[in-house]
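What follows is calculated from the coordinates using simple rules that are stated; it is not laboratory data. Note that the structure is a prediction, hence the values are computed from the model and not measured. Neighbour counts run over all protein chains shown; Cβ positions are idealised from the backbone, glycine included.
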Amino acid sequence: MAIATTNPATGEILKTFEPLTDSEIEAKLARSQQAYQAYRHVAMAQRADWLKAAADILEHRREEFGKIMTLEMGKTLKSAIAEVEKCALVCRYYADNAAEFLADAPAATDASRSFVRYQPIGPVLAVMPWNFPFWQVFRFAAPALMAGNVGLLKHASNVPQCALAIEEIFLQAGFPEGVFQTLLIGSDKVANLMADDRVKAATLTGSEYAGASLAAAAGKQIKKTVLELGGSDPFIVLQSADLEAAVATAVTARLLNNGQSCIAGKRFIVANSIADEFEQRFVEKFKALRIGDPMDATTDIGPLATPDILKDLDSQVQNSIAKGAKVLTGGHPLSDRPGNFYPPTILTDFSPGSPAYQEEFFGPVALLFRVAGIDEAIELANSTSFGLGASAWTSDEAERERLIEELEAGAVFINGLVKSDPRLPFGGIKRSGYGRELSVQGIHEFVNIKTVWVK
């Protein structure tokens, strides 16, 4: 795949990049290892100062970085700027809390003194996706660098300018050269990187296929991985829910980032008693959204990131329709303009065997299911191979407890939008991956948890 900036709103190729040669990759690996040997001994307070400086740069240049994201992958500029601000937040969170998270943890044993010490492990490879091209990287980098590791970024090939800008931010913030490096390479180079003794672990956010490939390569070398993969998240609305709030949040949950989010609500599972009213309001709000230039502040929905994503999404929609699904709004790519535009779409009345039951729809397509009550809702929610997040709406305390206990997901949000928050661990189960990012659990993923016993 070419490494290039292609404007998804116009299809215009704006800038191309030559992938690194093998000798250039070797030089970066050598620089990473050399940087780690010194950086691991840098005081925690100094690392925190550099990370806070990175947060300052992000905030001061938020519009500049937001425009790069919008130009490369099509998210609305207002959401891109918000993403940059969230990256500053995670930098400050770990700058403020890493010392506590990594402090020696005493344990009472038969020793005179025993404790757990958290130490860095070395260069960590991050294979990152295009959909949140800054946030996905910073939520890895902030804890990894505070722990004393160094980072190697293999970003998606359609966001090279984002990848280079992130490396520039860390350098400008004061981090030593080699502590965080961008590798402009194709996915075919990842297995060789994992086989290199200098790379100690890897994290990947992306598709099931990409995650399985990385995990297989890492497994051959017995190296730690963290995977955050796809999702087909349920959004359950039961009879006692605040319907107005549920519908408004459902629209955001499905269409955030032009519908290209792993933790987007994708399957809307609604109790029969309120389904007609939910459907009517849901469709009205979808139809009212403005589709257009993502740089325009009045735009609600921009283009999908690539022509292939558009093609794959429409194939799923048409396959579902052929199998009996009903289109409530949308349902076809927009042919009245250039670019990768797909309208907000709602499908319902699915037959067994429809893609709606098992596949992830990575775009602005909502799948609306009707159920008799909580038992059927939980069964349907858990019927997928994914388990990333789940949103459920009810004012009944007994139902809340059942949903919290029985939904198979890495996160359950009651009466709220599923989102990532630096203060809470983030990750999935089943085919949505393993391991956790963010919070204290995230910083502990890539450290040596060393037992110390002294007598």
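Using helices alone, I'd like the mean residue ellipticity at 222 nm for the chain: each DSSP H run of four-plus residues gives -39500 (n - 2.57), total over residue count, nearest 500. The partial results should precede the final answer.
On the way: 14 runs with 186 residues, N = 455.
Value at 222 nm, helices only: -13000 deg cm²/dmol.
Compute the label zone of SER207 within the range 353-370: residues whose backbone N is under 12 Å from the point 7 Å along Cα-to-Cβ.
Correct set: 360, 362.
By count of other Cβ within 10 Å, fewest leading, how are SER335, SER439 ordered? All intermediate terms of the calculation are to be shown ahead of the outcome.
Details: SER335 7, SER439 19.
Listed from fewest to most nearby Cβ atoms, that is SER335, SER439.
Over all directions, the average projected area of the alpha-carbon convex hull for the range 40-164 comes to how many nm²? Could you put the intermediate results ahead of the total?
Working: hull surface 34.2 nm².
Projected area, direction-averaged: 8.6 nm².
What ranking of ARG198, ARG47, ARG337 emerges when the number of other C-beta atoms within 10 Å of each C-beta is taken as an exposure proxy, fewest first? Could the numbers behind the result be given before it?
Details: ARG198 15, ARG47 22, ARG337 12.
Ascending Cβ contact count within 10 Å gives the list ARG337, ARG198, ARG47.
How do 353-364, 122-133 rank on mean C-beta neighbours within 10 Å, highest first? Don't skip to the end; give the middle numbers.
Values: 353-364: 20.8, 122-133: 25.0.
Packing order, densest peptide first, comes out as 122-133, 353-364.
Which FRET efficiency value, to the nearest 0.05, is calculated for ASP242 and VAL440 with the Förster distance at 30 angstrom and r the Cβ-Cβ distance? Don't jump to the answer; show the numbers that get you there.
Values: r = 33 Å, r/R0 = 1.09.
With a Förster radius of 30 Å, E is 0.40.
Would you work out which of VAL283, GLY302, PHE386 lies farthest towards the positive end of the dipole of the chain, given +1 charges on the beta-carbon of Lys and Arg and -1 on that of Asp and Glu, about the Cα centre?
Final value for the positive-end residue is PHE386.
Have a look at THR249, THR203, PHE268 and report the one farthest towards the positive end of the charge dipole of the range 176-271, computed about the Cα centre with Cβ charges (Lys/Arg +1, Asp/Glu -1).
My answer, from the dipole projection, is THR203.
Write down the percent of antiparallel bridges among all DSSP beta bridges whose residues are both part of the range 73-196, to the nearest 5. Can you show the working numbers first?
Details: 2 of 10 bridges.
Around 20 percent of the beta bridges assigned by DSSP in the range 73-196 are antiparallel ones.
Share of antiparallel DSSP beta bridges in the range 233-420, in percent to the nearest 5?
Around 10 percent of the beta bridges assigned by DSSP in the range 233-420 are antiparallel ones.
Below 8 Å, C-alpha to C-alpha, sequence gap of six or more: please give me the relative contact order for the chain in percent.
19
Work out how much length ALA82 to LYS189 would gain on full extension: take 0.36 nm times their residue separation and subtract the Cα-Cα distance, in nm to one decimal.
Working: separation 107, 0.36 × 107 = 38.52 nm, distance 3.23 nm.
Roughly 35.3 nm would be gained on extension.
Determine the dipole magnitude for the range 183-320: charges of +1 sit on the beta-carbon of Lys and Arg, -1 on that of Asp and Glu, nothing else is charged, the reference point is the Cα centre, and the result goes in debye to the nearest 20. Before the final figure, lay out each step's value.
Details: 14 positive and 18 negative charges, 130 e Å.
With only Lys, Arg, Asp and Glu charged at Cβ, the dipole is about 620 debye.
Tell me the relative contact order for the range 340-427 as a rounded percent, counting alpha carbon contacts under 8 Å between residues six or more apart.
Working: 87 pairs, mean separation 20.5, N = 88.
That works out to 23 percent.
Just how large is the dipole of the chain about the Cα centre, in debye to the nearest 20, putting +1 at every Lys and Arg Cβ and -1 at every Asp and Glu Cβ? If you can, show how the numbers build up before the last one.
Details: 44 positive and 55 negative charges, 230 e Å.
The calculation lands at about 1100 debye.
Under a point-charge model restricted to the Cβ atoms of Lys and Arg (+1) and Asp and Glu (-1), what is the dipole moment magnitude of the range 233-420 relative to its Cα centre, in debye to the nearest 20? Please list the in-between numbers first.
Numbers: 15 positive and 27 negative charges, 123 e Å.
Result for the range 233-420 is approximately 580 debye, rounded to the nearest 20.
What does the net charge come to around ALA246 if you take all other residues with beta carbon closer than 11 Å to its beta carbon, with K and R at +1 and D and E at -1?
Details: positive: ARG281; negative: ASP242, GLU244, GLU277.
That works out to -2.
For the pair GLU405/ASP197, report the inter-label distance in nm, with labels modelled 7 Å from Cα in the Cβ direction.
Taking the simple label geometry, GLU405 and ASP197 are separated by 5.2 nm.
With the dipole of the range 233-420 worked out from charges on the C-beta (+1 for Lys and Arg, -1 for Asp and Glu) around the Cα centre, which of THR348, ALA322, LEU417 lies farthest toward the positive end?
The listed residue farthest towards the positive side: ALA322.
Out of all DSSP beta bridges with both ends in the chain, state the antiparallel percent to the nearest 5. Numbers along the way, then the final one.
On the way: 22 of 61 bridges.
About 35 percent, rounded to the nearest 5.
Averaging sequence separations of C-alpha pairs under 8 Å and six or more residues apart, then dividing by the length of the range 1-65, give the relative contact order as a whole percent.
Details: 22 pairs, mean separation 10.5, N = 65.
It comes to 16 percent, rounded to a whole number.
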